[in-house]
Every structure is written in structure tokens, then in C-alpha cells.
1. Given the range B:19-93, report the % of alpha carbon pairs whose separation exceeds 19 Å.
2. On a straight-distance basis, which aspartates and glutamates could pair with residue A:640 in a cross-link, Cα separation under 19 angstrom, same-chain partners fewer than 8 positions away excluded?
3. When the Kirkwood hydrodynamic radius is evaluated over all pairs of different C-alpha atoms of the range A:1-154, what value in angstrom, to one decimal, is obtained?
4. Counting DSSP beta bridges in the protein assembly as shown, what percent are antiparallel, to the nearest 5?
5. Percent relative contact order of the range A:289-334, based on C-alpha pairs within less than 8 angstrom and at least six residues apart?
6. At q = 0.11, 0.15, 0.19, 0.23 Å⁻¹, what log₁₀ I(q)/I(0) does the range B:103-179 have when each alpha carbon counts as one equal point scatterer in the Debye sum?
7. For the range A:644-728, which GluC sites (Glu not before Pro) are both in a DSSP coil and crowded by at most 11 other Cβ atoms within 10 Å?
8. Starting from the Cα coordinates of the protein assembly as shown, work out the convex hull volume and express it per residue in Å³.
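The values are calculated or read from the model by the stated rules, or taken from the named source; none is laboratory data. Model, not experiment: these values are computed from the prediction. Cβ sites come from the backbone with ideal geometry, for glycine too, and all protein chains shown count toward neighbours. Accessible surface is based on the protein model in full, side chains and every heavy atom, while ligands, DNA and RNA are left aside. Shrake-Rupley method; radii C 1.70, N 1.55, O 1.52, S 1.80 Å.
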Amino acid sequence: MSMTQKYVGTAQRRVDGHAKVTGGARYAAEFAAADLLHGAVVSGAIARGTITKIDTAAAEAVPGVVKVYTHENRPRTAWLDSSYRDDVAPPGHPFRALHSAKIMFSGQPVALVVADDFETATYAASLVEVSYDAEVPKTDLDAQKGQSYDPPKKRSGVEPPPKPRGHAEKAYAAAPVKVQQEYRVAVEHHNPMEPHATTVVWDGDGAITVHDKIQGVTNTQGYVTGVFGLSKDKVRCISPFMGGGFGSGLRPQYQLFLAVLASLDLERSVRVVLTRDQMFTFGHRPLTIQTLSLGAEPDGRLTSIIHDAVQETSHFEDYQENTVNWSGLLYKCDNTKFSYELAKLDTYTPADMRAPGAVLGLYALEAAMDELASATGVDPVELRLRNYIADTDQNTDKKLTSKALRECYTQGAERFGWSKRDARPRSMTDGRELVGWGMATGVWEAMMQKTSARATLTGDGRLEVATASADIGTGTYTILTQLGADALGLRMEDVTARLGDSSLPYSPIEGGSWTAASAGTAVQMACETVREKVFKLARQLDGSPLANQDLDHVTFRDGRIVVTNDPSRSVSLIDAIKSSNEGKVEAEETAAPSTIQARRFVSYTHSAVFVEVKVDEELGVVRVTRVVSAVAAGKILNLKTARSQILGGVVMGIGSALHEESMLDHNIGRFMNHNLGEYHVPVNADIGPIEVIFVDEPDDKASPIGVKGLGEIGIVGTGAAIANAVYHATGVRVRDLPITIDKLQGA
Amino acid sequence: MMDGMSSSPAPHPVGMAKIPVSFRLNGAPTTIELAPWTTLLDALRNHMGLTGTKKGCDHGQCGACTVLVDGQRINACLTLAVMKEGADIRTVEGLAEHGHLHPVQDAFIEYDAFQCGYCTPGQICSAVGLIAEGHAHSAEEIREAMSGNICRCGAYPNIVEAVKHVIDAKAARRLEAAK
Ligand code: FES
Ligand code: FES
């Protein structure tokens with residue numbers, strides 16, 4: 001089928017750009033409803049123990065307060081744990097707000113105050129008096145790691161560590177060159193700019209419309225129907241925009257439960273918005289203590305890799321992520337051994353945060369590789385090339401669908417000017433600052449998930465493409481518009497993409513970098529069916545100039561179906577659509593990963609990240625002055641939005657390496673810097689030039705449209721590249737991110 | 001409420017009556033009755049249906065709520081609405097004129113200076129204020145002067161390019177006019 005690609009693969013302005021720059025895009029807390037009530041959440045003051053008394057009288061006495069919910073008066077909801085388990089829940093007992101007097105983590109919601117307006121609700125919430133029987137919380141992973149365990153129930157979608165290969169310990173003992181170190185990354189909170197929020201619109205007759213901050217409306221809908229025993233037709237979820245997720249919006253958060261609870265009970269519309277402080281009371285990137293042991297020949301060839309990790313989880317769920325497996329995948333090595341264990345803390349369950357597991361595991365592996373480069377005197381890029389494995393995943397013995405990582409190394413190094421690097425630490429300076437150049441590798445899975453989409457050509461010749469998926473800022477609206485426009489030869493202005501509505505064809509949550517490949521393929525398939533249908537109609541028109549043609553010999557362009565070899569013969573789409581009985585041409589298709597192919601192939605995105613840092617040694621200040629991120633991710637649909645995704649990942653990687661740290665006070669088990677003044681994320685002045693290179697990587701197996709996904713790969717490897725650059729600048733190895741002034745000065 | 005985990009209790013409000021306040025909002029004279037404890041941000045979002053201005057922290061720490069008051073960029077979450085009697089307030093909804101985007105708005109789209117869009121209205125108002133201030137010219141100066149607006153999506157390099165584009169175009173026009 002000849003399909004010209006006019007838009008796909010080019011740089012296009014975001015189709016939702018106008019809405020976003022004019023304030024027209026509506027986020028969860030911004031949907032209007034008649035007689036809307038506002039809920040304010042009261043956060044618990046202890047991390048572990050029991051509520052002995054909760055006094056809501058003063059709050060209830062405030063004029064304008066409608067009702068105060070606590071564990072004592074909470075309306076009944078589903079009994080079984082399974083009803084609360086959302087699509088991405090780890091094994092365990094999902095948290096239920098206001099379920100009982102038991103307190104399991106600091107900031108646990110203990111009451112919801114519902115009032116006529118936001119100010120009244122917030123004020124009245126401050127009057128709720130809670131007494132506790134407090135127990136000493138255990139939130140120190142160092143103290144608890146002795147009780148670590150192999151999670152008995154594995155989390156769906158997370159591969160447990162692969163079986164050992166060869167004899168890793170023996171090979172390590174015999175290795176002429178050894179590196180063995182412990183690495184850590186501090187707890188991080190996602191901190192999307194939009195706080196978690198839900199507006200529940202009471203539609204009457206037991207039906208509600210839920211506007212939730214979620215990375216997939218189907219997860220919200222499933223959770224609400226399960227917990228509140230409602231049928232699907234009573235719960236419609238509409239979330240067309242989301243003010244950043246990074247994983248915090250994969251699972252429904254407690255404000256959803258509270259807002260729906262109050263709305264159903266009061267039969268009114270209710271909005272609950274969490275405060276920034278409360279954004280520190282649920283999922284976070286888990287603290288993980290990793291030990292990496294590398295054994296190598298003097299020329300740098302790896303003979304042994306041992307990677308062990310102990311990660312925190314909550315007392316109620318066994319959160320898991322793929323932290324160590326990457327070490328068995330990235331480099332050629334015959335002797336490997338891995339372990340991944342959990343230890344329980346009195347905190348909320350950790351949550352997937354951008355490239356979960358990979359950010360941590362690749363930091364450890366790539367920092368250790370840099371230490372190996374130092375120990376062997378082999379250039380860091382050369383070291384990686386010496387251990388390069390071209391086409392196999394050694395963990396699974398499957399073939400890779402493609403791997404252009406070698407090109408990432410060479411093109412990234414070239415653009416960065418890596419060959420001019422003096423390998424000696426502290427050898428490069430700029431005025432009074434030390435200059436360091438470091439690099440690292442990134443890798444992330446390329447996945448597809450079962451996703452449905454609908455394409456509709458309407459009588460005015462416009463196309464609508466629709467799926468329940470989300471655009472969390474990643475550019476989904478835009479790439480689906482490009483795909484639709486190219487498939488039917490329309491201008492992008494004539495195509496509308498609809499997302500974020502549970503009444504649209506099914507899509508899973510947006511996460512794991514799978515949306516472009518999955519929703520993109522589904523839209524492409526639906527459009528192909530529409531092409532066939534509308535072509536048939538065009539051919540059947542009386543005296544059709546296409547009468548004897550087949551689909552292979554026509555081109556869709558400028559709203560017409562044109563005979564490729566004889567452009568004078570064509571039919572307009574509008575005429576063809578008119579002849580249909582429905583006045584429109586529509587198709588729905590479902591894309592799914594190929595199970596046959598999955599038996600033989602796996603797919604990954606790769607990157608090589610090159611970083612320059614400048615260090616003011618007197619002040620201990622580290623600045624990232626230059627980054628080149630070379631990415632191999634299959635087909636790139638939109639060069640503009642794709643570049644932005646990588647920029648965003650790199651910026652978050654800089655945060656992880658230098659700024660971000662949620663600080664627990666173990667005496668009270670609370671994250672103390674629960675605001676954006678004290679939890680430091682990068683600001684504009686922290687970010688210098690970032691260059692993004694997309695290397696060519698044709699791939700016909702990762703997904704039918706050749707796309708691998710870009711949401712995570714930008715962050716993976718960035719932290720290690722920065723840490724390695726800091727070592728090159730200063731000669732100091734800080735193995736505990738973020739690299740803050742105290743660690744650098746104290747070293 | 002747990003210490004320091006939520007906004008500190010407001011003064012006792014019972015009996016606090018709403019009072020009228022008048023200002024120009026996006027060019028139009030506006031009068032509204034508000035309780036004195038309502039911030040300008042909540043007034044816009046909850047009481048006036050203008051949700052373009054965003055709440056990211058409610059503490060003056062993120063810049064998502066940036067609006068222009070008498071041409072100056074301020075954090076609407078740190079301002080009580082009743083204090084703005086007689087002021088000229090402009091929000092992201094009031095930047096486009098006659099259906100044409102403000103040059104900063106258009107540059108934000110062209111340079112892809114956002115992803116999720118949640119910090120964007122604040123970034124744009126901040127940039128408009130910054131350009132009016134006239135201090136920032138280089139990328140370095142823009143970065144510094146735009147650092148009160150956090151973008152968790154990390155669109156910073158594109159924000160700088162977009163703002164610089166508008167500043168450079170303005171300078172070029174001025175040069176042209178001088179010739
Ligand atoms: S909401 Fe005003 S500065 Fe964050
Ligand atoms: S665009 Fe998402 S926070 Fe800036």
C-alpha cells in the first residue's frame with residue numbers, strides 16, 4: 001500500500017499547543033459543576049500507630065461545612081482487597097483511605113472535610129483534632145535491610161532477576177581487575193506541577209463523571225466501579241489533560257477515593273485537590289541500596305558481573321521494579337549473578353517513577369563501569385565498545401529487534417568532542433573551575449500494550465481518531481494526528497485526535513514508554529481500514545474514475561483518492577463518504593504485541609549520554625554545562641515533541657544527580673522537605689545546552705509502525721554520566737546521589 | 001493536621017463577610033464579592049472561572065500562578081484578591097488580542113516550550129513581564145530571570161529559546177524603526 005508520509009517523521013507543532021498557551025486546556029481540578037463542594041484532606045501526624053480519638057465538632061461547626069468524613073462514619077465500600085487493586089497495583093493489600101484507626105505512614109489521610117468553598121474546607125480541616133497512640137516508626141532502610149526478603153509474589157509486568165550465568169563469584173575472585181562498590185540514589189518524589197486532584201460531577205441517578213489526574217482513564221474507571229460497586233455505565237472518566245505524571249498518576253491516588261466517596265454519599269459534585277505538601281504522602285522512587293561487583297581482564301573485558309539490590313517497600317504492598325536485570329543485558333559477560341530483595345518500612349508504597357528501576361540500576365552499573373575504566377586505563381567509550389553485544393539479550397537468549405547503540409556512542413562522542421578529553425582526573429580547567437567530562441549508557445524496554453482505536457471520516461471530509469489513552473505532555477495528540485493525516489492524505493488541521501475519555505475505545509494507562517507504539521499502531525490500523533472502506537465507496541460511485549483500480553495503485557492526498565499513475569483521475573473523500581448509508585466511514589481496530597514474535601525477539605531503546613560539568617571547588621558547586629544525549633529508539637514520529645521528551649528526561653536526570661532528595665526524619669518517619677522550596681528540582685538557571693541526537697534505527701518488529709517509545713530513555717544513564725563527569729573533574733567518587741555540596745566537600 | 005504538613009490555619013473566619021472588590025481583569029472592569037481570605041489565585045480559578053492560571057504549590061515556590069498585575073509579574077497565590085482594588089490584572093486568558101496569539105504564546109508553541117502545559121500559563125505571563133522589565137537579553141540572563149517558574153517537564157532549553165526569540169525580534173524591530 002503506498003502511503004506517503006508527509007507529517008510522520010517531521011517536526012510538527014503540538015496540536016494542543018493553542019489550548020495550552022491560552023489557558024484553554026482543562027486539568028482535573030478545573031472542570032466546573034453546579035453547586036460544587038470542595039473537600040480538604042486532613043493528614044495524619046504520625047507514621048505508625050492508632051487513632052484513639054478524632055474530634056470533628058469544631059470543624060463541623062464552621063458555617064459552610066457540609067460534612068466531615070473519618071474512619072468512624074465512612075460510608076461502606078467494597079470489602080475485598082481485590083476490589084481496590086488497580087491495573088498496576090503491586091501484590092499486597094492496597095491502601096484504603098479512612099478504612100480504620102490504623103496509621104501506616106506519615107501523612108496518611110485521616111479525615112475529609114467537605115464545605116461550600118475551598119477556603120472554608122481548608123480552614124475547617126485545621127480544626128479537626130486527632131489523638132493517637134503512636135508507635136515508633138521504622139523508616140531507616142539501613143536498619144531494616146537485614147530483614148530483606150525475596151518477594152514471594154511477583155509483580156505483574158516486572159521480570160524477576162534472571163538466573164545466574166556461569167560462575168560469577170569464582171570469576172570475580174579470579175579476575176585480574178576488580179571493582180566492588182555500593183551505590184545509592186536518594187528517595188525522590190515525582191512532583192508533577194499539577195497536584196493530584198479529582199472533580200466528581202454528580203450527574204444524578206447514581207451516575208458520575210470523574211475528572212481525575214490519572215495517566216489512563218480506564219484505570220480510574222475500573223477502580224471506582226470496583227470500590228464503589230457501580231456499573232461501568234454509571235462512571236465516565238474524562239481527563240483530556242494531565243499536568244505531568246512521571247508515574248505518580250499511574251495508580252489512582254487517595255483523593256480520587258475521597259472525592260467519589262463524598263459525591264456518592266452527598267449526591268453532590270465534589271472536588272478534592274491535594275496540597276503540595278500532601279504530594280509527599282504517597283508514591284516515591286524507592287531508596288535502594290545496590291552493590292555492584294565487576295571482574296575484568298586488564299584490557300577491560302568483563303569476566304564477572306554481580307549486582308545486588310535491597311529496596312524499600314511498604315508494610316502493605318510488595319512494590320517491585322526491574323532494578324538489576326539491566327546488568328545482565330547491556331554488556332557481554334559469561335558470568336553473572338543477581339539478587340533483588342525488599343525490606344519493609346513504615347512509609348507509603350513506592351511508585352513507578354520515570355524509568356523505574358533503570359534509573360537506579362543503570363546508575364550503579366554505569367558508575368561502576370567508569371571505575372573500571374579508571375582501573376584499567378581504558379577510555380570509557382572504548383571500554384563499552386569492547387564489551388558490546390550486538391544482537392542478543394543474554395538474560396533471555398532472545399534476539400534484539402534492533403540495536404543502534406554503537407551509533408549512539410560514535411555520533412554522541414563525535415558531537416561532544418569526546419576525543420579531546422584528557423583522561424586524567426582534575427586535568428581540565430576553565431578559569432578557577434574544574435571541568436569534567438563523563439559518559440554513560442542508557443537502556444529501556446520497548447513495549448507494546450493491547451490498545452484499541454477508532455477512526456472516523458465524517459461528511460465534511462474531516463477525520464477523527466480516538467482512543468481512551470492519555471497525553472501527559474508526551475505529544476500523543478500530535479503524533480496520532482500526524483499518523484491519521486498521513487494515512488488519509490489530509491492536512492493535520494483536518495484531523496482531530498480525542499483522548500482521555502473512558503467512553504472511547506479501550507487503552508491501558510500511559511506509561512512505560514509504550515503509548516506511541518501501541519496507540520499509534522491502533523490508530524494506524526483503524527485508518528487503514530477506513531482507507532479500504534472509503535476506497536470501496538469511491539470505486540462504486542456512478543462512473544467512478546477509480547472503477548478499475550485497486551488500493552495499491554491509488555494515493556490519498558489533499559482530501560482526494562487519486563490514481564497514482566494518472567492524477568487526472570480522482571474522487572474526493574467527501575463524495576465517497578456521502579454515498580455511505582451512515583454519512584460517515586468508521587473503523588475500530590485493536591493493536592496488540594505479537595506473541596509469536598515475542599518468543600524470539602525482545603526490544604529495547606538505547607542511549608549514550610555525554611556530560612560536561614564545571615565544579616567550583618571552593619564552593620563545592622557543580623553545574624552541568626553541556627549534555628549530548630544520543631538516542632536509538634526506532635522511528636521518530638515527531639522530531640519536535642520527541643526532542644522535548646528527551647530534554648525532559650535529561651533535566652530530571654540532572655535533578656536526580658545533583659538536586660533531588662526527599663529527606664526522612666527517622667524519629668517521626670516523615671519526609672521533612674515536603675515542598676518545592678526545600679525539595680529541589682532543577683530550575684531554568686540549572687540547565688545549560690542539551691543536544692539530542694536521534695540515530696537512525698530501522699526496526700520492523702518493535703512495533704508495526706517502527707516506534708519504540710521515548711518517555712523514559714532520556715533520564716536513564718544521565719545520573720551516572722554526571723557522577724562520572726564529577727569524578728573526572730574532581731577525582732572524587734561520590735556514590736550516593738544526589739551529589740550535593742556537603743558530599744563533595746566532605747570527601 | 002500534622003505540623004507543617006498543610007497550610008497553616010487561617011485566622012478564625014466565622015462571621016467573615018464577603019466584601020466587594022473591583023479591578024480590571026483582562027481589560028474588562030470587574031467587581032466581585034469575596035471573603036478577605038481568598039487569594040487572587042483562588043479568586044480567579046474558583047470564583048471567576050478563569051482556570052488558565054495554575055496552582056502548583058500555593059506557597060510562592062513554583063511560579064505556576066504567575067499573573068501580571070499593573071504589568072508586573074507576581075505570584076497570585078501569595079496575594080489576597082481584596083488587596084487588588086483598582087489594579088489592572090492580566091492572566092493567560094487575556095494575552096491574545098483580536099484572536100491573535102501574543103508573540104510569546106506563539107513562540108512557546110513554535111519552540112515546543114512545554115509538554116504537559118501546566119506550568120505554561122505562568123511561564124508565559126512571567127516571560128511577558130520579564131520582557132517588559134527589559135533587563136534580560138542573553139540566554140544566561142533569561143535563564144536566571146525565568147528561574148522562579150518551575151517546569152517539571154524540563155522544557156527549560158525551549159523556554160529560553162522561545163523567550164529569546166521574542167526579545168531578539170523586538171530588538172530587531174526597534175533597530176529597523178530607528179533606521
Ligand atoms: S502556586 Fe503560586 S507559586 Fe506555586
Ligand atoms: S510543561 Fe509540564 S511542568 Fe512545564
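1. Tail of the P(r) past 19 Å holds 21 percent of the pairs.
2. Within the straight-line cut-off, residue A:640 pairs with A:16, A:471, A:486, A:493, A:691, A:696, A:697, A:712, B:106, B:110, B:112, B:161.
3. Hydrodynamic radius (Kirkwood, Cα only) of the range A:1-154 equals 19.9 Å.
4. Roughly 80 percent of the DSSP beta bridges within the protein assembly as shown come out antiparallel.
5. RCO, the range A:289-334: 36 percent.
6. -0.25, -0.45, -0.71, -1.01
7. Sparse-neighbourhood loop GluC sites (Glu not before Pro): none present.
8. Per-residue hull volume (Cα only) is 181 Å³.
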